[in-house]
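What follows is a single structure, written as C-alpha coordinates, with notes after it.
The values are calculated or read from the model by the stated rules, or taken from the named source; none is laboratory data. All figures in this text were calculated on a predicted structure; none of them were measured in a lab. A quick note on method: Cβ atoms are made from the backbone with ideal geometry, for glycine too, and the neighbour counts reach across all protein chains shown.
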Amino acid sequence: MKRLRLLIVYLLVVVGMFSVGLWLNDMKQDQVDQRVISTRAEITIYTDGDPEVMTAIGQAYEREAQVRVHVIPIPQNQMGTRLALPEAEQQGDLVISTKSNLSEGVEHGAFRRLPITLTYSVDTVFHGPDEQWVGIWYDPYVLALHDTFYSSQGKYVNTWFSLAYTGPWRIAVTDFVADASSTTLLNSFGDIYGLDGAISYFDSLRPRIVQYAKALPSSVRMAAIGDVQVSVGHYSDAKFYEVHKYPLTILYPREGTPYDLMGVGILKGSSNVGESEAFVSWLLSERVQAVLKEGDRYYLPTRETVESHKDRQGNHLVLWNAGIVKEEQDKILQEWIRQVRFRKDTP
(Lines give C-alpha, C1' and ligand atoms only; values in the text may rest on other atoms or scores of the structure.)
Protein backbone atom coordinates (compact mmCIF):
# COMPACT_ATOMS: atom_id res chain seq x y z
CA MET A 1 0.00 0.00 0.00
CA LYS A 2 2.82 2.39 0.89
CA ARG A 3 4.55 1.61 -2.39
CA LEU A 4 1.35 2.40 -4.28
CA ARG A 5 1.04 5.73 -2.51
CA LEU A 6 4.67 6.56 -3.25
CA LEU A 7 4.15 5.64 -6.89
CA ILE A 8 1.08 7.88 -7.11
CA VAL A 9 2.93 10.78 -5.46
CA TYR A 10 5.88 10.25 -7.81
CA LEU A 11 3.60 10.28 -10.85
CA LEU A 12 1.88 13.44 -9.64
CA VAL A 13 5.22 15.16 -9.16
CA VAL A 14 6.40 14.14 -12.64
CA VAL A 15 3.17 15.27 -14.26
CA GLY A 16 3.33 18.54 -12.32
CA MET A 17 6.91 19.22 -13.38
CA PHE A 18 6.05 18.41 -16.99
CA SER A 19 3.06 20.78 -16.88
CA VAL A 20 5.17 23.56 -15.36
CA GLY A 21 7.80 23.01 -18.06
CA LEU A 22 5.20 23.31 -20.80
CA TRP A 23 3.83 26.48 -19.21
CA LEU A 24 7.28 28.06 -18.96
CA ASN A 25 8.06 27.13 -22.55
CA ASP A 26 4.78 28.67 -23.76
CA MET A 27 5.51 31.81 -21.78
CA LYS A 28 8.99 32.12 -23.27
CA GLN A 29 7.59 31.60 -26.75
CA ASP A 30 5.02 34.32 -26.15
CA GLN A 31 7.86 36.68 -25.12
CA VAL A 32 9.81 35.81 -28.26
CA ASP A 33 6.73 36.37 -30.41
CA GLN A 34 6.24 39.76 -28.80
CA ARG A 35 9.82 40.73 -29.68
CA VAL A 36 9.45 39.76 -33.33
CA ILE A 37 8.87 42.88 -35.38
CA SER A 38 5.97 42.62 -37.78
CA THR A 39 7.02 44.02 -41.15
CA ARG A 40 4.90 45.64 -43.83
CA ALA A 41 7.64 46.03 -46.47
CA GLU A 42 11.28 45.29 -47.24
CA ILE A 43 14.15 47.34 -48.64
CA THR A 44 17.68 46.34 -49.63
CA ILE A 45 20.66 48.64 -49.09
CA TYR A 46 24.11 48.27 -50.61
CA THR A 47 26.77 50.03 -48.55
CA ASP A 48 30.50 50.32 -48.00
CA GLY A 49 29.97 52.19 -44.73
CA ASP A 50 31.05 51.10 -41.26
CA PRO A 51 29.28 47.74 -40.71
CA GLU A 52 28.40 48.51 -37.08
CA VAL A 53 26.92 51.88 -37.97
CA MET A 54 24.96 50.52 -40.92
CA THR A 55 23.60 47.60 -38.89
CA ALA A 56 22.52 49.92 -36.05
CA ILE A 57 20.75 52.22 -38.51
CA GLY A 58 18.98 49.32 -40.21
CA GLN A 59 17.81 47.85 -36.90
CA ALA A 60 16.57 51.21 -35.64
CA TYR A 61 14.54 51.79 -38.79
CA GLU A 62 13.07 48.29 -38.61
CA ARG A 63 11.82 48.99 -35.08
CA GLU A 64 10.39 52.39 -35.89
CA ALA A 65 8.92 51.84 -39.35
CA GLN A 66 8.15 48.08 -39.36
CA VAL A 67 10.15 47.77 -42.58
CA ARG A 68 12.64 44.94 -42.94
CA VAL A 69 16.04 46.35 -43.89
CA HIS A 70 18.53 44.11 -45.67
CA VAL A 71 22.01 45.66 -45.39
CA ILE A 72 24.41 44.24 -47.98
CA PRO A 73 28.05 45.20 -47.30
CA ILE A 74 30.26 45.82 -50.33
CA PRO A 75 33.99 46.72 -50.22
CA GLN A 76 34.58 50.35 -51.09
CA ASN A 77 36.72 49.53 -54.09
CA GLN A 78 34.01 47.25 -55.51
CA MET A 79 31.06 49.61 -55.18
CA GLY A 80 31.75 51.11 -58.60
CA THR A 81 31.32 47.69 -60.20
CA ARG A 82 27.96 47.26 -58.49
CA LEU A 83 26.78 50.68 -59.67
CA ALA A 84 27.82 49.93 -63.23
CA LEU A 85 25.28 47.10 -63.51
CA PRO A 86 22.34 47.63 -65.87
CA GLU A 87 19.11 48.75 -64.24
CA ALA A 88 17.49 45.33 -64.66
CA GLU A 89 20.34 43.66 -62.75
CA GLN A 90 20.63 46.03 -59.79
CA GLN A 91 18.41 43.95 -57.45
CA GLY A 92 18.39 46.52 -54.68
CA ASP A 93 16.78 49.74 -53.58
CA LEU A 94 19.35 52.11 -52.12
CA VAL A 95 23.08 52.78 -51.96
CA ILE A 96 24.80 54.40 -48.97
CA SER A 97 28.36 55.22 -49.91
CA THR A 98 31.11 57.82 -50.21
CA LYS A 99 30.90 60.91 -52.39
CA SER A 100 33.35 59.46 -54.91
CA ASN A 101 31.38 56.23 -55.33
CA LEU A 102 28.07 58.07 -55.54
CA SER A 103 29.56 60.31 -58.23
CA GLU A 104 30.60 57.20 -60.13
CA GLY A 105 27.04 55.93 -59.81
CA VAL A 106 25.81 59.16 -61.42
CA GLU A 107 28.20 58.58 -64.33
CA HIS A 108 26.70 55.13 -64.82
CA GLY A 109 23.14 56.49 -64.60
CA ALA A 110 22.41 54.26 -61.61
CA PHE A 111 20.19 56.61 -59.58
CA ARG A 112 16.74 58.13 -59.89
CA ARG A 113 16.17 61.77 -59.01
CA LEU A 114 15.23 62.45 -55.39
CA PRO A 115 12.16 64.63 -54.70
CA ILE A 116 12.97 68.16 -53.57
CA THR A 117 10.77 67.50 -50.54
CA LEU A 118 13.51 65.16 -49.31
CA THR A 119 16.59 67.25 -50.07
CA TYR A 120 15.45 70.80 -49.31
CA SER A 121 16.64 70.61 -45.68
CA VAL A 122 20.19 69.63 -46.65
CA ASP A 123 22.92 72.22 -47.22
CA THR A 124 23.25 72.59 -50.99
CA VAL A 125 26.95 71.70 -50.93
CA PHE A 126 25.92 68.13 -50.11
CA HIS A 127 23.55 67.64 -53.07
CA GLY A 128 24.51 65.38 -55.94
CA PRO A 129 24.06 66.60 -59.53
CA ASP A 130 20.41 66.83 -60.53
CA GLU A 131 19.45 65.61 -57.02
CA GLN A 132 20.54 62.04 -57.83
CA TRP A 133 21.98 61.59 -54.34
CA VAL A 134 22.12 63.55 -51.11
CA GLY A 135 24.61 63.64 -48.26
CA ILE A 136 23.65 62.20 -44.86
CA TRP A 137 26.66 63.14 -42.74
CA TYR A 138 30.22 64.33 -43.26
CA ASP A 139 33.52 64.20 -41.40
CA PRO A 140 35.98 67.09 -41.91
CA TYR A 141 39.71 66.90 -41.27
CA VAL A 142 40.73 68.94 -38.25
CA LEU A 143 43.76 69.82 -36.15
CA ALA A 144 43.56 67.99 -32.82
CA LEU A 145 45.82 69.52 -30.16
CA HIS A 146 46.66 68.31 -26.68
CA ASP A 147 45.35 70.90 -24.22
CA THR A 148 48.75 71.56 -22.60
CA PHE A 149 50.20 72.44 -25.98
CA TYR A 150 47.13 74.47 -26.97
CA SER A 151 47.34 76.62 -23.84
CA SER A 152 50.86 77.72 -24.84
CA GLN A 153 51.99 77.69 -28.47
CA GLY A 154 49.15 75.61 -29.85
CA LYS A 155 46.60 78.43 -29.96
CA TYR A 156 48.58 79.88 -32.89
CA VAL A 157 48.53 76.62 -34.83
CA ASN A 158 45.15 77.17 -36.47
CA THR A 159 46.03 76.93 -40.16
CA TRP A 160 47.57 74.22 -42.30
CA PHE A 161 50.63 76.31 -42.91
CA SER A 162 51.14 77.37 -39.31
CA LEU A 163 51.36 73.65 -38.58
CA ALA A 164 54.31 73.52 -40.97
CA TYR A 165 56.19 76.44 -39.38
CA THR A 166 59.43 75.57 -37.63
CA GLY A 167 58.53 74.84 -34.02
CA PRO A 168 59.35 72.41 -31.22
CA TRP A 169 56.20 70.32 -31.54
CA ARG A 170 55.58 66.68 -32.34
CA ILE A 171 53.06 65.76 -35.03
CA ALA A 172 51.12 62.62 -35.96
CA VAL A 173 49.51 62.11 -39.36
CA THR A 174 48.15 59.03 -41.09
CA ASP A 175 50.08 56.83 -43.46
CA PHE A 176 48.23 57.31 -46.76
CA VAL A 177 49.23 53.82 -47.88
CA ALA A 178 48.17 52.02 -44.69
CA ASP A 179 44.76 53.76 -44.54
CA ALA A 180 43.46 54.39 -48.04
CA SER A 181 40.49 56.39 -46.72
CA SER A 182 42.88 59.11 -45.54
CA THR A 183 43.98 59.93 -49.10
CA THR A 184 41.14 62.46 -49.28
CA LEU A 185 43.55 64.77 -47.46
CA LEU A 186 46.39 64.22 -49.92
CA ASN A 187 44.16 64.44 -53.00
CA SER A 188 42.52 67.66 -51.81
CA PHE A 189 45.91 69.31 -51.26
CA GLY A 190 46.86 68.13 -54.75
CA ASP A 191 43.84 69.89 -56.21
CA ILE A 192 44.24 73.11 -54.20
CA TYR A 193 48.03 73.51 -54.41
CA GLY A 194 49.03 71.26 -57.29
CA LEU A 195 51.11 68.10 -57.09
CA ASP A 196 54.40 69.86 -56.34
CA GLY A 197 52.81 72.16 -53.77
CA ALA A 198 51.12 69.27 -51.97
CA ILE A 199 54.28 67.18 -51.85
CA SER A 200 56.28 70.18 -50.66
CA TYR A 201 53.77 70.81 -47.87
CA PHE A 202 53.78 67.26 -46.51
CA ASP A 203 57.56 67.15 -46.79
CA SER A 204 57.77 70.29 -44.61
CA LEU A 205 55.91 68.40 -41.85
CA ARG A 206 58.22 65.40 -42.05
CA PRO A 207 60.98 66.53 -39.60
CA ARG A 208 58.42 66.86 -36.77
CA ILE A 209 56.31 63.79 -37.52
CA VAL A 210 56.76 61.31 -34.69
CA GLN A 211 54.76 58.56 -36.34
CA TYR A 212 52.78 57.83 -39.48
CA ALA A 213 49.72 56.22 -37.91
CA LYS A 214 48.27 53.09 -39.49
CA ALA A 215 44.70 54.44 -39.25
CA LEU A 216 43.06 57.86 -38.96
CA PRO A 217 41.73 57.32 -35.41
CA SER A 218 45.22 56.41 -34.17
CA SER A 219 46.77 59.79 -34.99
CA VAL A 220 44.06 61.61 -33.00
CA ARG A 221 44.44 59.19 -30.11
CA MET A 222 48.15 60.03 -29.91
CA ALA A 223 47.31 63.71 -29.35
CA ALA A 224 44.56 62.85 -26.85
CA ILE A 225 46.94 60.88 -24.61
CA GLY A 226 49.85 63.29 -25.04
CA ASP A 227 52.17 61.17 -27.20
CA VAL A 228 52.22 64.06 -29.68
CA GLN A 229 51.21 67.66 -29.32
CA VAL A 230 49.15 67.98 -32.50
CA SER A 231 47.63 65.55 -34.96
CA VAL A 232 45.67 65.65 -38.20
CA GLY A 233 42.55 63.52 -38.30
CA HIS A 234 38.80 63.29 -38.59
CA TYR A 235 36.47 65.48 -36.56
CA SER A 236 34.49 62.42 -35.43
CA ASP A 237 37.54 60.82 -33.83
CA ALA A 238 38.58 64.04 -32.11
CA LYS A 239 35.02 64.63 -30.88
CA PHE A 240 34.96 61.12 -29.43
CA TYR A 241 37.94 61.91 -27.18
CA GLU A 242 36.55 65.33 -26.31
CA VAL A 243 33.23 63.78 -25.24
CA HIS A 244 35.11 61.28 -23.10
CA LYS A 245 36.93 64.11 -21.30
CA TYR A 246 40.39 63.71 -22.81
CA PRO A 247 42.49 66.91 -22.81
CA LEU A 248 42.00 67.65 -26.50
CA THR A 249 41.20 70.82 -28.44
CA ILE A 250 39.67 70.73 -31.92
CA LEU A 251 40.54 73.51 -34.38
CA TYR A 252 39.21 74.05 -37.89
CA PRO A 253 42.03 75.11 -40.26
CA ARG A 254 41.21 78.65 -41.27
CA GLU A 255 42.11 78.18 -44.95
CA GLY A 256 39.47 75.47 -45.21
CA THR A 257 39.67 71.70 -44.94
CA PRO A 258 38.87 68.50 -46.85
CA TYR A 259 36.09 66.22 -45.68
CA ASP A 260 34.70 62.74 -46.21
CA LEU A 261 31.00 62.33 -46.92
CA MET A 262 28.45 59.54 -46.71
CA GLY A 263 25.38 59.94 -48.86
CA VAL A 264 22.45 57.98 -50.21
CA GLY A 265 20.89 57.42 -53.61
CA ILE A 266 17.88 55.39 -54.78
CA LEU A 267 18.64 52.91 -57.53
CA LYS A 268 16.65 53.18 -60.74
CA GLY A 269 15.91 49.47 -60.49
CA SER A 270 14.28 49.79 -57.06
CA SER A 271 10.95 48.02 -56.75
CA ASN A 272 10.15 49.89 -53.52
CA VAL A 273 10.52 53.54 -54.46
CA GLY A 274 7.97 54.84 -51.95
CA GLU A 275 9.54 52.93 -49.04
CA SER A 276 13.01 53.95 -50.22
CA GLU A 277 12.07 57.63 -50.20
CA ALA A 278 10.61 57.23 -46.70
CA PHE A 279 13.91 55.71 -45.57
CA VAL A 280 15.90 58.58 -47.08
CA SER A 281 13.67 61.03 -45.21
CA TRP A 282 14.37 59.15 -41.99
CA LEU A 283 18.12 59.14 -42.69
CA LEU A 284 18.05 62.93 -42.85
CA SER A 285 16.15 63.27 -39.57
CA GLU A 286 17.44 63.95 -36.09
CA ARG A 287 16.65 60.35 -35.21
CA VAL A 288 19.72 59.13 -37.10
CA GLN A 289 21.95 61.46 -35.11
CA ALA A 290 20.53 59.90 -31.95
CA VAL A 291 21.37 56.43 -33.28
CA LEU A 292 24.93 57.55 -34.07
CA LYS A 293 25.35 59.09 -30.65
CA GLU A 294 24.16 55.88 -29.00
CA GLY A 295 27.00 54.17 -30.85
CA ASP A 296 29.53 56.84 -29.79
CA ARG A 297 29.85 58.20 -33.35
CA TYR A 298 30.07 61.93 -33.92
CA TYR A 299 29.68 62.82 -37.59
CA LEU A 300 28.29 66.20 -38.61
CA PRO A 301 24.75 66.13 -40.10
CA THR A 302 24.28 67.61 -43.56
CA ARG A 303 20.99 69.22 -42.58
CA GLU A 304 22.90 71.79 -40.53
CA THR A 305 24.64 74.60 -42.41
CA VAL A 306 28.42 74.36 -42.53
CA GLU A 307 28.73 77.95 -41.33
CA SER A 308 26.93 77.08 -38.10
CA HIS A 309 29.93 75.13 -36.83
CA LYS A 310 32.66 77.03 -34.95
CA ASP A 311 35.72 75.82 -33.11
CA ARG A 312 37.08 76.87 -29.72
CA GLN A 313 38.55 80.04 -31.23
CA GLY A 314 35.31 80.97 -32.96
CA ASN A 315 36.60 80.08 -36.42
CA HIS A 316 33.91 78.90 -38.83
CA LEU A 317 34.20 75.54 -40.50
CA VAL A 318 35.10 76.03 -44.17
CA LEU A 319 35.05 73.04 -46.50
CA TRP A 320 37.19 72.37 -49.54
CA ASN A 321 35.14 70.81 -52.32
CA ALA A 322 38.32 69.57 -53.92
CA GLY A 323 39.76 66.39 -55.33
CA ILE A 324 41.72 65.08 -58.28
CA VAL A 325 40.69 62.63 -60.97
CA LYS A 326 41.47 58.95 -60.47
CA GLU A 327 44.27 59.02 -63.00
CA GLU A 328 46.13 61.58 -60.87
CA GLN A 329 45.44 60.00 -57.49
CA ASP A 330 47.91 57.15 -57.92
CA LYS A 331 50.53 59.56 -59.25
CA ILE A 332 50.40 61.86 -56.22
CA LEU A 333 50.39 58.90 -53.85
CA GLN A 334 53.50 57.44 -55.49
CA GLU A 335 55.24 60.83 -55.27
CA TRP A 336 54.34 61.10 -51.60
CA ILE A 337 55.80 57.64 -50.98
CA ARG A 338 58.98 58.49 -52.86
CA GLN A 339 59.58 62.07 -51.78
CA VAL A 340 58.09 62.11 -48.28
CA ARG A 341 57.35 58.77 -46.64
CA PHE A 342 60.54 57.00 -47.67
CA ARG A 343 62.64 59.90 -48.75
CA LYS A 344 66.36 59.37 -48.41
CA ASP A 345 68.10 62.62 -47.51
CA THR A 346 71.53 63.14 -48.98
CA PRO A 347 74.23 65.15 -47.18
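General remarks:
- Residue match in the stretch 315-327 (condition: touching a residue at least 40 places away in the same chain (Cβ under 8 Å), within 30 Å of H70 (Cα to Cα) and either not basic (K, R) or not in a loop (DSSP other than H, G, I, E, B) (or both)): no
- Criterion (modelled with pLDDT under 60, under 23 Å from Q289 (Cβ atoms) and aliphatic (A, V, I, L, M)) met by exactly one of I8, I45, I57, I37: I37
- Yes/no for Y150 being surrounded by 22 or more Cβ atoms within 10 Å (Cβ to Cβ) and either assigned by TED's automatic domain parsing to the domain that holds L292 or not basic (K, R) (or both): yes
- Residue in the stretch 71-81 that is surrounded by 14 or more Cβ atoms within 10 Å (Cβ to Cβ) and over 24 Å from L292 (Cα atoms) present: yes
- Note on the stretch 174-197: among residues that are in a helix (DSSP H, G or I) and aliphatic (A, V, I, L, M), the one that is nearest to E255 (Cα to Cα) is I192.
- Subset of the stretch 177-193 [closer than 18 Å to R338 by Cβ, modelled with pLDDT of 95 or more and of a type in the set (G, A, S)]: G190
- Residues in the stretch 133-147 that are charged (D, E, K, R) and buried (at least 18 other Cβ atoms within 10 Å of the Cβ): D139 alone.
- Within the stretch 178-195, being surrounded by fewer than 16 Cβ atoms within 10 Å (Cβ to Cβ) and either in the same structural domain as D48 (by TED's automatic domain parsing) or hydrophobic (A, V, I, L, M, F, W, C) (or both) holds for A178, A180.
This table checks each residue for (1) in contact (Cβ under 8 Å) with a residue 12 or more places away in the chain; (2) under 21 Å from the mean Cα position of the chain (by Cα); (3) in a loop (DSSP other than H, G, I, E, B).
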| residue | (1), (2), (3) |
| --- | --- |
| S270 | yes, no, yes |
| E275 | yes, no, no |
| A278 | yes, no, no |
| E304 | yes, yes, yes |
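- Sole exception among (1) in contact with a His (Cβ under 7 Å, 6 or more places away or on another chain); (2) in a helix (DSSP H, G or I); (3) not aliphatic (A, V, I, L, M) for G226, by number: (2)
- Some residue of the stretch 280-296 being of a type in the set (D, E, K, R), surrounded by 15 or more Cβ atoms within 10 Å (Cβ to Cβ) and in contact with a helix residue (DSSP H, G or I) (Cβ under 7 Å, 6 or more places away or on another chain): no
- Any chance S285 is in the same structural domain as Y46 (by TED's automatic domain parsing) and at pLDDT below 95: yes
- Pick from the stretch 78-96, criterion of a type in the set (A, V, I, L, M, F, W, C) and touching a residue at least 60 places away in the same chain (Cβ under 8 Å), ranking: farthest from G58 (Cα to Cα): A88
- Residue within the stretch 135-156 that is assigned to a strand (DSSP E or B) and acidic (D, E) present: yes
- Selection of the stretch 114-132 for residues being under 13 Å from E277 (Cβ atoms), of a type outside the set (S, T, Y), surrounded by 14 or more Cβ atoms within 10 Å (Cβ to Cβ) and out of contact with any Ser or Thr (no Cβ under 9 Å at 6 or more places or on another chain) yields only L114.
- Breaking point among (1) closer than 23 Å to I171 by Cβ; (2) in contact with an Asp or Glu (Cβ under 8 Å, 6 or more places away or on another chain), for V306: (1)
- Flag for S236 being surrounded by fewer than 21 Cβ atoms within 10 Å (Cβ to Cβ), under 19 Å from F126 (Cα atoms), under 21 Å from the mean Cα position of the chain (by Cα) and modelled with pLDDT of 95 or more: no
- Evaluated against (1) in contact (Cβ under 8 Å) with a residue 40 or more places away in the chain; (2) surrounded by fewer than 16 Cβ atoms within 10 Å (Cβ to Cβ); (3) of a type in the set (A, V, I, L, M, F, W, C), A198 falls short on exactly one condition, (2).
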